[in-house]
Amino acid sequence: MTTQALVESTSLLDAFDTLDAASPIHTLRAQAFETFQANGFPTLRDEQWRYTNVKPIAKGRFSLANPDAGQVDAERLREHLLHETPCHQLVFINGKFDESSSDLGELNSGVRLETLASVIANDFASIIEILDSTTDIHREAFTALNSSFMADGVFLHVPRGVELDKPVHVVFITVPGGEPIMTHPRVLVVAEESSKATIVETYATVGEGVYFTNTVTEIIAANNATIDHYKIERESDEAFHISSLNVTQGRDTNVTSHNFTLGGKLVRNHLNCFLKDEGCNSTFNGLVMAHDKQHVDNYLRIDHLMPNCNSWEYYKTILDDHAKSIFTGRIYVAQDAQKTDAKQTSANLLLSDTAHVTTKPQLEIFADDVKCTHGATIGQLEEEQMFYLQARGIDAASARSLLIYAFANETISEVKVKEIRDTLEAVLLDRLPQGHQLQGGL
Amino acid sequence: MALLEIRNLHASIEGTEILKGINLVVNPGEVHSIMGPNGSGKSTLARVLAGEECYDVTEGEILFKGKDLLEFEPDERACMGLFMAFQYPVEVPGVSTKYFLKAAVNAKRKYHGQEELDAVEFLKLVKEKLELVHMDQSLLNRAVNEGFSGGEKKRAEIFQMAMLEPVLSVLDETDSGLDIDALKIVSEGVNKLRNEERGFVVITHYQRLLNYIVPDFVHVLMDGRIVKSGNKELAIELEANGYSLLNGTAKAPITV
Ligand SMILES: Nc1ncnc2c1ncn2[C@@H]1O[C@H](COP(=O)(O)OP(=O)(O)O)[C@@H](O)[C@H]1O
Ligand SMILES: [Mg+2]
């Protein structure tokens with residue numbers, strides 16, 4: 001371990017010392033922390049971190065969030081919850097399950113939807129294998145860090161042939177205090193053969209202050225399972241947000257994940273998807289809306305390991321002011337993965353001269369009968385479209401908002417949970433001049 | 001008062017002069033046709049009128065209902081009653097025709113201090129105007145011009161014109177690429193809107209359209225100038241002899 005990493009992680013050492021060493025998970029945590037300490041935080045020299053400097057996080061001196069956050073502004077909390085949609089809703093405040101604002105509801109027979117804290121305390125054996133199967137990923141610094149502090153989150157297990165009746169909405173709210181705080185939520189989703197589920201993750205804050213969210217989600221889809229996943233990130237402009245989504249797909253599975261990045265000062269979303277058997281379909285779409293000096297880095301890696309799998313990635317970015325966005329789409333096609341169809345698109349809309357986009361496909365193809373395409377566009381609003389709208393009487397500001405909205409709405413309209421879709425639309429419109437006029441959809 | 005008065009209009013793009021002294025007066029109730037070979041500046045004239053900002057007007061003036069048109073933004077011009085049907089209507093993915101039209105109609109109403117149309121009134125107006133161009137209501141839910149055939153785009157322009165009820169309409173080659181049936185529909189749409197208050201400038205490449213929209217005046221535009229003006233007979237003459245006869249011969253506008 002380098003001295004730098006050592007010095008920088010003293011606050012992490014202090015934090016680690018506050019954990020309950022008697023917890024069944026503590027051995028795993030200690031192993032993970034050792035791994036983390038051995039490697040330290042990634043630097044710009046790491047190929048995968050070339051464009052994102054995490055020094056502000058390394059030097060952040062974050063302490064574990066106080067789970068008893070005290071009085072939470074109910075009005076602001078409400079904004080992030082689902083109200084009209086029948087769902088299983090789990091709310092976590094500063095990393096800890098908040099029973100009073102949650103509603104687990106009735107579950108189909110055999111479905112397990114539990115907090116990770118309770119599984120760790122009562123039935124740790126049932127998840128140890130799942131956590132072990134992802135140890136490989138522990139090599140990734142932030143996943144190791146998450147494992148080091150893992151304490152609560154969600155465990156969803158959908159048994160064979162069961163279709164979860166309602167979406168699961170998991171809400172992670174941080175209530176920052178005077179000192180910088182961190183949370184390390186973990187979400188485990190295991191979908192057995194021919195099962196089906198919809199999962200929505202929301203990340204947001206209530207209050208002001210610096211904080212760091214370091215979250216890891218695992219989705220394991222067994223043969224013929226269907227998973228529809230959404231991640232809505234609405235952190236504050238003081239927040240550091242690092243997320244990892246690890247997807248493992250078995251034969252004939254369909255996994256769709258939509259990632260909406262709307263907030264955060266420094267954001268990194270890391271996706272690993274392993275297509276381990278034939279006939280998989282994977283769709284990973286994203287929408288980034290960034291302004292001020294926001295920095296958003298999306299790193300996607302899809303491993304096509306077996307033949308006849310399709311993957312589609314479509315990431316859209318809208319950048320204003322001095323915002324910065326990076327999109328890296330790495331696609332690995334193993335020698336056996338014949339008839340792979342991988343399509344990757346990165347579309348970027350720049351609203352200012354000072355916004356910056358880096359978009360980079362990385363294709364590593366070892367099979368010869370494959371179709372891999374990638375496309376990237378970076379541009380401003382189309383002048384001819386602006387002129388056309390104005391020539392019909394629509395003023396320049398409204399025309400501009402309308403075109404931005406149309407660009408973003410292509411991704412938003414794909415969200416199948418209406419209330420989430422409406423929320424995203426409202427957040428978007430709120431940021432656009434004359435946006436309220438666009439309410440009600442195009 | 002003339003509806004439109006163009007005096008010695010010079011316009012250039014990126015330093016190249018395209019319009020080299022245009023004079024044109026359109027009075028209420030009149031239909032003027034502008035003909036001319038490709039590249040003569042017809043679309044440039046239309047787009048300068050509509051307010052496309054990439055053109056520099058270097059000389060001359062344009063009066064619209066007595067007001068200095070160049071003072072106004074494109075959207076203001078539209079609200080004042082100017083309409084330009086695009087030679088190449090623009091696709092706007094993600095924006096439904098319904099939303100777009102509602103925004104356009106209400107922008108104009110707001111400009112004139114009128115109440116916005118409610119959903120019922122709007123739909124009633126839409127139905128009435130769609131009939132004019134023989135288009136189906138399903139158009140409303142399609143994104144503006146996206147995936148429309150050439151003919152559909154042109155008919156949609158006329159539909160928009162009908163919705164906005166402009167006092168001056170400039171149609172830029174709305175006939176190009178239309179089969180005879182579509183041409184008849186488009187012409188019928190225009191003719192239904194003709195009255196003693198409205199004026200039309202019909203830009204076309206072919207005399208054919210003028211069999212259906214009979215103009216009061218025909219002007220020939222060549223190399224940025226109107227080189228000849230006349231009545232509808234001029235169009236027939238042009239069709240027979242082509243523009244070549246006019247090449248180099250007519251230096252100044254000839255009025256018949
Ligand atoms: N954006 C542009 N930049 C430079 N030249 C242009 C541009 N647009 C049009 N032109 C030129 O202006 C002239 C007139 O074009 P246009 O008005 O489109 O003619 P028409 O509509 O009569 O065919 C042509 O020579 C064309 O090449
Ligand atoms: Mg033209």
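The values are calculated or read from the model by the stated rules, or taken from the named source; none is laboratory data. From a predicted model like this one, the values you see are computed outputs, not experimental measurements. Glycine gets a Cβ as well: all are built from the backbone with ideal geometry, and neighbour counts include every protein chain shown. Surface accessibility is based on the protein's heavy atoms, side chains included, excluding ligands, DNA and RNA. Shrake-Rupley method; radii C 1.70, N 1.55, O 1.52, S 1.80 Å.
Pairs of lysine in segment A:336-437 with Cα under 19 Å and at least 8 positions apart or on different chains: total? Eligible lysine pairs with Cα atoms under 19 Å apart amount to 4. Between A:Gln89, A:Pro307, A:Val170, the Cα set farthest toward the positive side of the dipole of chain A (charges on each charged residue's Cβ, about the Cα centre) is that of A:Pro307.
Exposure check, 1.4 Å probe, all protein chains in place: B:Cys54 carries approximately 60 Å² of accessible surface. Which residue fluctuates most in the GNM of chain A (Cα springs below 10 Å): A:Pro361, A:Pro307, A:Pro24? Among A:Pro361, A:Pro307, A:Pro24, the largest GNM mean-square fluctuation belongs to A:Pro24. A Gaussian network model of chain B, with springs between Cα atoms under 10 Å, assigns the largest mean-square fluctuation among B:Ala235, B:Ala104, B:Ala119 to B:Ala119. With an a/c value of 1.5 or above and a/b larger than b/c for the gyration tensor axes a ≥ b ≥ c computed over the alpha-carbon atoms, chain B is described as prolate.
Across B:Thr174, A:Thr373, the residue with the most accessible area heads the list, and the full order at a 1.4 Å probe is A:Thr373, B:Thr174. In this structure, the residue pairs whose Cα-Cα separation is over 22 Å, taken from B:Lys124/B:Lys184; B:Lys127/B:Lys192; B:Lys110/B:Lys192, are B:Lys124/B:Lys184; B:Lys110/B:Lys192. Counting only residues at least eight positions apart within a chain, or on another chain, the aspartates and glutamates with an alpha carbon under 17 Å from that of B:Lys153 are A:Glu384, B:Glu91, B:Glu131, B:Asp136, B:Asp172, B:Glu173, B:Asp175, B:Asp179, B:Asp181, B:Glu188.
Protein heavy-atom accessible surface, 1.4 Å probe, per residue over segment A:382-442: 41 Å². Based on C-alpha pairs under 8 angstrom that are at least 6 apart in sequence, segment B:4-246 has a relative contact order of 29 percent. Pairs of Lys residues in segment A:3-277, spaced 8 or more positions apart or belonging to different chains, with C-alpha separations under 26 angstrom: 13 in total. For segment A:338-352, 3J(HN,Hα) computed residue by residue from phi via the Karplus equation (6.51, -1.76, 1.60; θ = phi - 60°) reads 5, 6, 6, 10, 10, 10, 9, 9, 10, 10, 10, 10, 9, 9, 9 Hz, glycine and proline entered as x.
Listed by chain and number, the lysines whose C-alpha is less than 20 Å from the C-alpha of B:Lys20, apart from same-chain residues fewer than 8 away, are B:Lys42, B:Lys228, B:Lys251.
Screening chain A for whole DSSP H helices with an alpha carbon extent of at least 15 angstrom along the helix axis and a mean Kyte-Doolittle hydropathy of at least 1.6 yields nothing. Using a cut-off of 15 Å between alpha-carbon atoms, which aspartates and glutamates can reach A:Lys293, once sequence neighbours fewer than 8 places away in the same chain are excluded? List returned: A:Glu235, A:Asp237, A:Glu238, A:Asp320, A:Asp321, A:Asp353.
For segment A:382-442, the alpha carbon positions stretch 36, 18, 15 Å along the principal axes, listed from largest to smallest.
For A:Ser102, the amide hydrogen comes within under 5 Å of the amide hydrogens of A:Val91, counting only partners 5 or more places away or on other chains and with H modelled in the peptide plane. Out of A:Thr10, B:Tyr212, A:Ser148, whose Cα points farthest toward the positive end of the dipole of the protein assembly as shown (charges: +1 Lys, Arg; -1 Asp, Glu; placed on Cβ)? The listed residue farthest towards the positive side: B:Tyr212.
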